[in-house]
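Enquirer: I have a structure I would like to understand better, so I am pasting it below and will then ask my questions one at a time.
The values are calculated or read from the model by the stated rules, or taken from the named source; none is laboratory data. Only a predicted model underlies this, so the values are computations on that prediction, with no experimental measurement involved. Glycine gets a Cβ as well: all are built from the backbone with ideal geometry, and neighbour counts include every protein chain shown. The accessibility values were calculated without ligands, DNA or RNA, using every heavy atom of the protein model including side chains. Shrake-Rupley method; radii C 1.70, N 1.55, O 1.52, S 1.80 Å.
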Amino acid sequence: MDRDILKQQLEYTLDKTNFDDQGELYRGKVRDNYINDDIITMVTTDRISAFDRVLGTVPFKGQSLVELADWWFGETADIVANHVLRRPHPNVWRVRRCQPIQVEMVVRGYLTGVTSTSAWTAYKRGDREFCGNEMPDGMRKNEKFPEPILTPSTKAAQGDHDESVPPSELYKRKILEPGLYKELARIAMRLYERGVSRATDHGLIFVDTKYEFGISNGKIMLMDEVNTPDSSRYWMVDDYEARFEKEEEPRKLDKEYVRTWLVEQGFTGDGKPPKLTDELRVEAAARYMEVVENFTGEPMQLEVGPVDESIYSILNPFAY
Ligand SMILES: Nc1ncnc2c1ncn2[C@@H]1O[C@H](COP(=O)(O)OP(=O)(O)OP(=O)(O)O)[C@@H](O)[C@H]1O
Ligand SMILES: [Mg+2]
């Protein structure tokens, strides 16, 4: 991996966009969404969030996410329809606007995590029931569950943390009907199994992930992103067993690398986050790209320079 290009891009990363002619702007933590009737122009920026906070930018992260999600949307299209219509720019999708289902479908194959909502955090404090799933006694951190588990979480309002809830609670709170939940659960499990199988082909462990669904024209659609290093954990398979035996952390190709760094700096979501160092930003960028290139099998086409200008020149060709 050529770290020089990543370093050169540090000063040009895409922090945010402010296009006033692309629709009504809804800014999520990572994406700038321009809503125009039933179409959203979804700009994936280089912002990185962890512990539900935006912390800065990582070179080419937006492009990496879109590139990989695009690949996975293709690999999973036989399981469920998805929202993507076009990709006019490496960072941009035009997507079908859906009625979002207010539950994130989280599938976990391994007992791990560092945040307050992670399965390992619950297990460590003695919980053996997690979101309606039994967790066997005697498990260790980063161990594979006997079967993958589904742990739905409600999508928090902006600024809040997400909350894991068992399906029974979703029904009680009238967030979802049992029929729809069961259908989503079936799809999420199939998506996860597909993820595991493709990841195995590429020397990676597909640890866990979350899926977001919406409804469009009465149909269930996979929306947002799919199987990216932001929404999923990926570990290297080759030395996983050896490291697990020695109680060492697996080698990680996902955002967990950044989360672990933050925890080392004493940040777990409260107070002022530490400023990301350029070294960390470059290292994170390299990891994002490594996952992408690993799956797509092609080197990413990188262009050093201001991303917002290159996007706008495509979205509005008369602007520059
Ligand atoms: N096809 C779609 N139709 C409607 N909404 C969508 C679609 N795809 C994604 N979304 C929503 O658009 C937003 C994407 O932005 P982003 O991923 O940055 O947000 P986030 O930080 O994850 O979540 P939040 O918006 O809650 O802060 C998410 O709220 C996601 O649920
Ligand atoms: Mg999101």
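Enquirer: Can you pull out every residue in segment 80-101 that is open to solvent by less than 70 Å² (accessible area, probe 1.4 Å), more than 16 Å from ligand 2 (Cβ to nearest atom) and in contact with a strand residue (DSSP E or B) (Cβ under 7 Å, 6 or more places away or on another chain)?
Expert: Result: Val80, Ala81, Pro88, Arg94.
Enquirer: Checking Thr45 against (1) more than 10 Å from ligand 1 (Cβ to nearest atom); (2) touching a helix residue (DSSP H, G or I) at 6+ places or on another chain (Cβ under 7 Å): exactly one of these is not met. Which one?
Expert: Just one mismatch for Thr45, condition (1).
Enquirer: Please tell me if Ile311 is surrounded by fewer than 22 Cβ atoms within 10 Å (Cβ to Cβ), over 18 Å from the mean Cα position of the chain (by Cα) and among the aliphatic types (A, V, I, L, M).
Expert: So Ile311 does not fit the description; no.
Enquirer: Any idea which of (1) within 16 Å of ligand 2 (Cβ to nearest atom); (2) at pLDDT below 95; (3) open to solvent by 20 Å² or more (accessible area, probe 1.4 Å) is the one Leu55 doesn't satisfy?
Expert: Checking Leu55 against (1) within 16 Å of ligand 2 (Cβ to nearest atom); (2) at pLDDT below 95; (3) open to solvent by 20 Å² or more (accessible area, probe 1.4 Å), the one that fails is (2).
Enquirer: Can you pull out every residue in segment 206-238 that is open to solvent by less than 10 Å² (accessible area, probe 1.4 Å), of a type in the set (Val, Ile, Thr) and more than 16 Å from ligand 1 (Cβ to nearest atom)?
Expert: Listed by number, the list holds a single entry, Val207.
Enquirer: Right, next: Scan segment 199-238 for residues that are within 16 Å of ligand 2 (Cβ to nearest atom), closer than 16 Å to Ala69 by Cα and not in a loop (DSSP other than H, G, I, E, B) and report the count.
Expert: The number of residues fulfilling the criteria is 11.
Enquirer: Also: For the subset of segment 294-307 comprising residues that are more than 12 Å from Gln63 (Cα to Cα) and within 22 Å of the chain's Cα centre (by Cα), which member is least open to solvent (accessible area, probe 1.4 Å)?
Expert: Among those residues, the one meeting the criterion is Phe295.
Enquirer: I've got another one for you. For segment 7-43, give me the residue count where each residue is open to solvent by less than 80 Å² (accessible area, probe 1.4 Å), within 23 Å of Glu303 (Cβ to Cβ) and of a type in the set (S, T, N, Q).
Expert: Adding up the residues that qualify gives 5.
Enquirer: Specify the residue that is farthest from Leu68 (Cα to Cα); the eligible residues are those in segment 255-279 that are within 19 Å of the chain's Cα centre (by Cα) and among the aliphatic types (A, V, I, L, M).
Expert: Residue satisfying both the conditions and the ranking: Leu262.
Enquirer: Open to solvent by 10 Å² or more (accessible area, probe 1.4 Å), touching a Phe, Trp or Tyr at 6+ places or on another chain (Cβ under 8 Å) and within 21 Å of Glu248 (Cα to Cα), is that true of Glu104?
Expert: no
Enquirer: Looking at Pro273, Pro250, can you tell me which residue is touching a helix residue (DSSP H, G or I) at 6+ places or on another chain (Cβ under 8 Å), part of a loop (DSSP other than H, G, I, E, B) and over 30 Å from Arg194 (Cα atoms)?
Expert: Pro273
Enquirer: Of all residues being of a type in the set (Ser, Thr, Tyr) and within 30 Å of Gly74 (Cα to Cα) in segment 147-203, which is most open to solvent (accessible area, probe 1.4 Å)? Just the residue, please.
Expert: Thr200
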